[in-house]
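Undergrad: Quick one: the structure is below, and I'll ask about it shortly.
The values are calculated or read from the model by the stated rules, or taken from the named source; none is laboratory data. This one's a predicted model, so the numbers in the text were calculated from it and none came from an experiment. Cβ sites come from the backbone with ideal geometry, for glycine too, and all protein chains shown count toward neighbours. Just so you know, the surface numbers come from the protein's heavy atoms only, side chains and all, with ligands and any DNA or RNA stripped out. Shrake-Rupley method; radii C 1.70, N 1.55, O 1.52, S 1.80 Å.
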Amino acid sequence: MIALELQNVRFCYHSSQDDLTINIEHWSVKKGERVFIHGPSGCGKSTMLNLLSGILPVSNGSLCVLGKNLEKMSNRERDRFRANHIGYVFQQFNLIPYLDAINNIQLARHFCNKNKHHDPREEIEELLQSLNIAQSDWRKPTSRLSVGQQQRIAIARAFINTPELLIADEPTSSLDSNNRDHFMSALQSLVTKHQATLIFVSHDTTLAKNFDRKESLNNLNKGSGI
Amino acid sequence: MFIKLALQSLINRKGSVVMTILAMTVSIFVLLGVEHVRHQAKESFTNTVSGTDLIVGARTGSVNLLLYSVFRVGTPTNNITWDSFQRISSSRNVEWAIPISLGDSHKGYRVIGTNHDYFKYFSYGNKRSLTFLEGKPFEKMLDVVLGFDVATKLGYKLGDKIVVAHGVSKTSFSLHDDRPFTVVGILEPTGTPVDQSLHVSLQGIEAIHIDWKQGVKIRGSTLTIEQIEKMTLEPKTITAFMVGLKSRIATFRVQRAINNYNKEPLMAILPGVALSELWQMMGILENTLRLVSALVLVAALLGLSAMLLASIRERQQEIRLLRVVGAPPFFLFLLIELEAILISLTSIFLGAIMLYFCLELVRDLLISHFGLHITSNIFSNSSPIFLIFVIFATLLAAAVPSFTAYKSGK
């Protein structure tokens with residue numbers, strides 16, 4: 001089963017087709033596969049992740065995510081699809097700083113159609129406990145928590161809707177080695193538990209050993225990047 | 001979640017939000033205050049006199065005659081003779097006539113010399129007659145009937161003695177302290193200047209002025225109350241009188257006859273027409289006040305718009321995050337609009353409370369200085385329209401920042 005398939009995907013920020021940011025002829029990822037993507041700054045990593053998550057629409061080509069052609073969806077449909085099927089973790093600013101951990105996670109549930117009438121409180125608490133977030137920190141504004149705690153809450157937020165695809169955009173860059181290891185092990189265990197497909201982007205190639213496949217975006221992307 | 005997010009976001013930016021709320025509160029206070037005072041002033045003036053067909057006084061402006069005779073504002077230009085009053089009141093078209101004699105006061109409240117017809121025929125609001133809370137109309141020469149506010153504010157009860165001062169200023173050194181009046185009645189509240197008046201008989205007014213000349217008591221006068229009571233105290237002049245006609249059809253005929261009265265220069269006015277003249281005069285002021293208050297609101301709304309616009313630039317990460325978790329750009333648009341509405345609603349609430357307390361504070365001042373009875377109940381039939389207007393203006397003002405957020409999310 002294919003989770004991701006890109007066919008002649010092209011994307012440019014401006015209307016000029018000469019200045020392509022992303023130009024991928026073919027690339028696919030199997031369901032449940034864990035792919036590590038690396039590449040220098042400006043090679044188009046964030047743009048590609050925005051295309052995969054449906055935040056940006058492709059200019060040309062076919063982009064199939066979890067069996068759905070994103071290029072055929074309207075903006076609203078892509079937003080809904082992302083809320084229901086894709087989890088996302090950034091390098092930083094993963095959380096609304098003035099909301100507490102529970103509300104941040106509930107916010108992600110708010111846009112998801114799954115289990116709409118089911119109170120997610122129990123699931124949220126379970127997730128936070130499994131990610132070793134002390135109960136005393138659940139109701140604090142997340143801006144008052146450490147970066148390591150914030151990143152773990154970001155994982156909880158990303159997994160609250162049990163996504164089939166998880167995209168992580170350099171999530172360990174701002175963590176020290178101890179926190180990075182905690183983060184990676186928490187992420188891997190949740191990915192295993194939910195049998196999710198993982199697209200992980202990082203500069204830190206030492207992390208590649210935890211993944212099924214390692215890809216260089218420079219080799220994949222024939223465009224100019226950004 | 002939507003409301004919680006907007007609320008928490010505003011709390012997070014409390015510094016700028018509080019300043020914006022303050023600006024909006026002041027503007028809504030001004031707008032609401034102007035509308036309330038305007039509306040209440042009209043209602044208060046309109047309710048003060050009803051069922052009176054004509055008001056007759058010395059020749060002056062019609063508004064001036066209306067103001068001093070009914071609202072106890074300003075001073076009369078001249079008096080009219082008792083003889084003229086008797087002639088006109090006994091004419092065949094006149095059903096009743098209430099004489100009014102002004103010029104004295106008690107602790108800033110006006111004293112009105114009148115007769116029993118005042119309690120019988122004077123009506124206010126929707127033709128409501130005066131009723132007594134306690135006691136009865138004056139019978140003796142030195143009896144006084146108090147308006148409701150006079151009795152409650154000064155703490156008077158039946159049987160209390162009251163000394164009247166010469167003139168209408170709040171502090172007078174010319175007191176009629178040798179002839180105090182006795183409280184025999186207290187009127188029910190009317191919401192009109194009657195509440196701020198003391199009512200005595202015309203004989204009472206004559207009695208306290210019998211040994212006075214040019215505003216001062218004649219030195220060496222030894223007249224006792226008993227001696228005065230034996231005298232026939234018929235007033236020589238009165239300030240004005242109200243007329244009720246047998247038939248309204250005769251109103252203009254009687255008015256013309258009084259205006260052409262050849263014994264002395266008199267003037268008869270129709271209260272409703274004089275009120276319209278007053279509103280016409282006030283119209284320009286009213287519209288200017290409305291315009292200024294609307295401009296104050298516009299300024300505050302522009303401030304709100306600027307604050308929200310600046311916040312969008314600070315919230316790019318937040319917008320990105322919301323987009324990633326599935327929020328459509330329209331959600332961002334609505335979020336900013338909701339924040340603006342929350343600010344607006346808070347300001348309306350605070351502005352209304354501020355206005356309520358301010359009205360409570362200046363109520364007595366408005367009554368004593370301008371004869372305006374303004375209630376502190378600021379909710380009226382026009383309140384929902386006002387609320388909708390402010391919310392609509394807020395939505396409009398927040399449209400620019402909301403659209404910017406929408407574009408950022410695209």
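Undergrad: Here are some residues: B:VAL292, B:VAL254. Which one is away from every other protein chain (no Cβ under 14 Å), within 30 Å of B:ASN93 (Cβ to Cβ) and not acidic (Asp, Glu)?
TA: Exactly one of B:VAL292, B:VAL254 is away from every other protein chain (no Cβ under 14 Å), within 30 Å of B:ASN93 (Cβ to Cβ) and not acidic (Asp, Glu), namely B:VAL254.
Undergrad: Hey, another quick one. Please list, ordered by first then second residue, the pairs with beta carbon atoms under 9 Å, 6 or more apart or interchain, first in segment B:1-14 and facing chain A (nearest Cβ under 9 Å) and over 13 Å from A:ARG109 (Cβ atoms), second open to solvent by 80 Å² or more (accessible area, probe 1.4 Å) and in a helix (DSSP H, G or I).
TA: Sorted first by the residue in segment B:1-14, then by its partner, the pairs are B:ARG13/B:GLU314.
Undergrad: Could you look through segment B:7-66, keep only residues that are polar (S, T, N, Q), out of contact with any Pro (no Cβ under 7 Å at 6 or more places or on another chain) and at pLDDT below 85, and pick out the one that is farthest from B:ALA393 (Cα to Cα)?
TA: Among those that are polar (S, T, N, Q), out of contact with any Pro (no Cβ under 7 Å at 6 or more places or on another chain) and at pLDDT below 85, it is B:SER50.
Undergrad: Take segment B:132-162 and flag every residue that is within 17 Å of B:THR190 (Cβ to Cβ) and under 22 Å from the mean Cα position of the chain (by Cα).
TA: Matches in segment B:132-162: B:LEU146, B:GLY147, B:PHE148, B:ASP149, B:VAL150, B:ALA151, B:THR152, B:LYS153.
Undergrad: Right, another one. Do we have A:SER74 as closer than 16 Å to A:CYS12 by Cα, within 14 Å of another protein chain (Cβ to nearest Cβ) and open to solvent by 50 Å² or more (accessible area, probe 1.4 Å) here?
TA: no
Undergrad: Same structure again: Name every residue in segment A:13-48 that is touching a Phe, Trp or Tyr at 6+ places or on another chain (Cβ under 8 Å) and within 14 Å of chain B (Cβ to nearest Cβ), in order of residue number.
TA: Residue satisfying the conditions is A:THR47 alone.
Undergrad: Something else: Specify which of the listed residues (B:ARG313, B:ARG320) is within 14 Å of another protein chain (Cβ to nearest Cβ) and basic (Lys, Arg).
TA: Among B:ARG313, B:ARG320, only B:ARG320 is within 14 Å of another protein chain (Cβ to nearest Cβ) and basic (Lys, Arg).
Undergrad: Sticking with this structure for a sec: Criterion first (facing chain B (nearest Cβ under 8 Å), within 16 Å of the chain's Cα centre (by Cα), surrounded by fewer than 18 Cβ atoms within 10 Å (Cβ to Cβ) and in contact (Cβ under 8 Å) with a residue 12 or more places away in the chain) does A:ASN84 satisfy it?
TA: yes
Undergrad: Sticking with this structure for a sec: Pairs, please: C-beta under 6 Å, at least 6 apart or cross-chain, first residue facing chain B (nearest Cβ under 9 Å) and in segment A:95-119, second surrounded by fewer than 22 Cβ atoms within 10 Å (Cβ to Cβ) and modelled with pLDDT under 85?
TA: What qualifies is A:ARG109/A:PRO120; A:HIS110/B:MET1.
Undergrad: Could we say that A:GLN129 is surrounded by fewer than 24 Cβ atoms within 10 Å (Cβ to Cβ), closer than 22 Å to B:ASN12 by Cβ and touching a helix residue (DSSP H, G or I) at 6+ places or on another chain (Cβ under 9 Å) here?
TA: Considered against the rule, which asks whether it is surrounded by fewer than 24 Cβ atoms within 10 Å (Cβ to Cβ), closer than 22 Å to B:ASN12 by Cβ and touching a helix residue (DSSP H, G or I) at 6+ places or on another chain (Cβ under 9 Å), A:GLN129 comes out as no.
Undergrad: May I ask you to list the residues in segment A:87-102 that are open to solvent by less than 10 Å² (accessible area, probe 1.4 Å) and more than 20 Å from A:ALA186 (Cβ to Cβ)?
TA: Of everything in segment A:87-102, those that are open to solvent by less than 10 Å² (accessible area, probe 1.4 Å) and more than 20 Å from A:ALA186 (Cβ to Cβ) turn out to be A:ILE96, A:LEU99.
Undergrad: For B:VAL34, work out the one condition from (1) open to solvent by 30 Å² or more (accessible area, probe 1.4 Å); (2) away from every other protein chain (no Cβ under 14 Å) it doesn't fulfil.
TA: Unmet for B:VAL34, out of (1) open to solvent by 30 Å² or more (accessible area, probe 1.4 Å); (2) away from every other protein chain (no Cβ under 14 Å): (1).
Undergrad: Taking interchain pairs and intrachain pairs at least six residues apart, which have beta carbon atoms under 8 angstrom, with the first residue in segment B:198-214 and more than 26 Å from B:GLY147 (Cα to Cα) and open to solvent by less than 30 Å² (accessible area, probe 1.4 Å) and the second assigned to a loop (DSSP other than H, G, I, E, B) and at pLDDT below 90?
TA: Hits for this filter: B:ASP211/B:ILE218; B:ASP211/B:SER221; B:ASP211/B:LEU223.
Undergrad: Return the residues of segment B:60-91 that are part of a loop (DSSP other than H, G, I, E, B), closer than 21 Å to B:LEU270 by Cβ and touching a residue at least 60 places away in the same chain (Cβ under 8 Å); say none if nothing qualifies.
TA: Result: B:THR60, B:PHE71, B:ARG72, B:VAL73, B:PRO76, B:SER91.
Undergrad: Are there any pairs, at least 6 apart or on different chains, whose C-beta atoms fall under 7 Å, with the first in segment B:221-242 and on the phi > 0 side of the Ramachandran plot and the second open to solvent by less than 80 Å² (accessible area, probe 1.4 Å), and if so, which?
TA: none
Undergrad: Look through segment B:53-72, keep the residues that are crowded, with 23+ Cβ neighbours inside 10 Å and β-branched (Val, Ile, Thr), and return whichever of them is nearest to B:TRP279 (Cα to Cα).
TA: Looking at the filtered set, the residue picked out is B:VAL70.
Undergrad: Let me ask something additional. Quick test for you: out of B:LYS42, B:LYS4, pick the one residue that is closer than 30 Å to B:ALA240 by Cβ, open to solvent by 60 Å² or more (accessible area, probe 1.4 Å) and either outside the structural domain of B:TYR118 (by TED's automatic domain parsing) or assigned to a helix (DSSP H, G or I) (or both).
TA: Within the list B:LYS42, B:LYS4, the selection yields B:LYS42.
Undergrad: Something else about it: Residue by residue through segment A:28-44, note down the ones that are modelled with pLDDT of 85 or more and either among the polar types (S, T, N, Q) or open to solvent by 10 Å² or more (accessible area, probe 1.4 Å) (or both).
TA: A:SER28, A:LYS30, A:LYS31, A:GLY32, A:GLU33, A:ARG34, A:HIS38 - these are the residues of segment A:28-44 that are modelled with pLDDT of 85 or more and either among the polar types (S, T, N, Q) or open to solvent by 10 Å² or more (accessible area, probe 1.4 Å) (or both).
Undergrad: When B:VAL56 is evaluated against the numbered criteria (1) part of a helix (DSSP H, G or I); (2) away from chain A (no Cβ under 14 Å), which criterion, by number, is the only one it fails?
TA: Unmet for B:VAL56, out of (1) part of a helix (DSSP H, G or I); (2) away from chain A (no Cβ under 14 Å): (1).
Undergrad: I've got another one for you. What do you reckon, is B:ASP104 part of a helix (DSSP H, G or I), more than 14 Å from chain A (Cβ to nearest Cβ), out of contact with any Cys (no Cβ under 7 Å at 6 or more places or on another chain) and acidic (Asp, Glu)?
TA: The answer is no for B:ASP104.
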